[in-house]
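Structure first, commentary second.
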Amino acid sequence: MSDEALNPIIHKFLRRYLQDEKSAGFIKIISEHYTVGTLERLAVNGEVTTRRSAVMALGFVGDYRSNPILGRALRDPDRAVRMLAENAIRSVWHRACGVVQRQKLHCVIRFNTSRQFSEAIESASSLIEEIPSFAEAWNQRAVAHYRLRHFDQSLSDCLQTLELNPYHFDAEVGMGQCYLERNDAFSAIACFRRALKLNPGLEGIRARVDYLRWSLRNR
């Protein structure tokens, strides 16, 4: 069946999910009817409702190989597609590894959320040693270092995150925050602008850039 013929089906699945919010059922039925490759094509070439549906589906069933497609969707002309892509791309960042490593990452995230930053650094470091190519492990360690005011270490981890995942706008934002703490507004602005280039929907960062530029002009 062609991609065009499948379009109305994915619309129906999305409407059903939005009504009952049963993610397990949505994942099952999407997986039965679509390959990830088909969803990626629809996310790029479909009409607007199809792009929304495909991007949302990729957030559930896609893996790290969908990262470039979702990165492109962050700059889609449609605002809803962009918003869905932001949630979806973060999901696939967490799935750039095996199930066991994913569970370990969730432990690191819980440590950061509960402000147990030293424990987060220790757990993230162990995960990085196990799988050095896992960009999100580096990013979560960068978050913990930042919260402990280890700005040099946080910057280093953000750079490594971006080396592994050039679509990681959160790492660019993190670098910008570190530079602000070091009173380097020019470098912070450069990082924030790169983050906006990756994800134009970061309105809070756009406002931060405007404020920093205004502050520099009025020194």
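Any read-out appearing in this document is the output of simple, stated calculations on the displayed coordinates, not a laboratory observation. Source: prediction; values computed, not measured. Don't worry about glycine lacking a Cβ; one is built from the backbone with ideal geometry, like all the others, and counts go over all protein chains shown.
A few points about this structure:
- Counting only the Cα atoms, the chain fills a convex hull of 127 Å³ per residue.
- Couplings 3J(HN,Hα) for the stretch 166-182, derived from phi with the Karplus relation 6.51 cos²θ - 1.76 cosθ + 1.60 (θ = phi - 60°), are x, 9, 7, 5, 5, 5, 4, 4, x, 4, x, 5, 4, 5, 5, 5, 8 Hz, where x marks Gly and Pro.
- Working note: 222 nm ellipticity from helices only, DSSP H runs with n ≥ 4, each -39,500 (n - 2.57), summed and divided by the residues of the chain, gives -25500 deg cm²/dmol to the nearest 500.
- The chain: relative contact order in percent, alpha carbon pairs under 8 Å with at least 6 residues between: 12
- Using 0.36 nm per residue and subtracting the Cα-Cα separation, the extra length available between Lys197 and Asn87 on full extension is 37.9 nm.
- Taking Cα centre as origin and charging only the Cβ of basic (Lys, Arg, +1) and acidic (Asp, Glu, -1) residues, the dipole magnitude of the chain rounds to 620 debye.
- C-alpha long axis of helix 99-113 to longest principal axis of the chain, angle in °: 50
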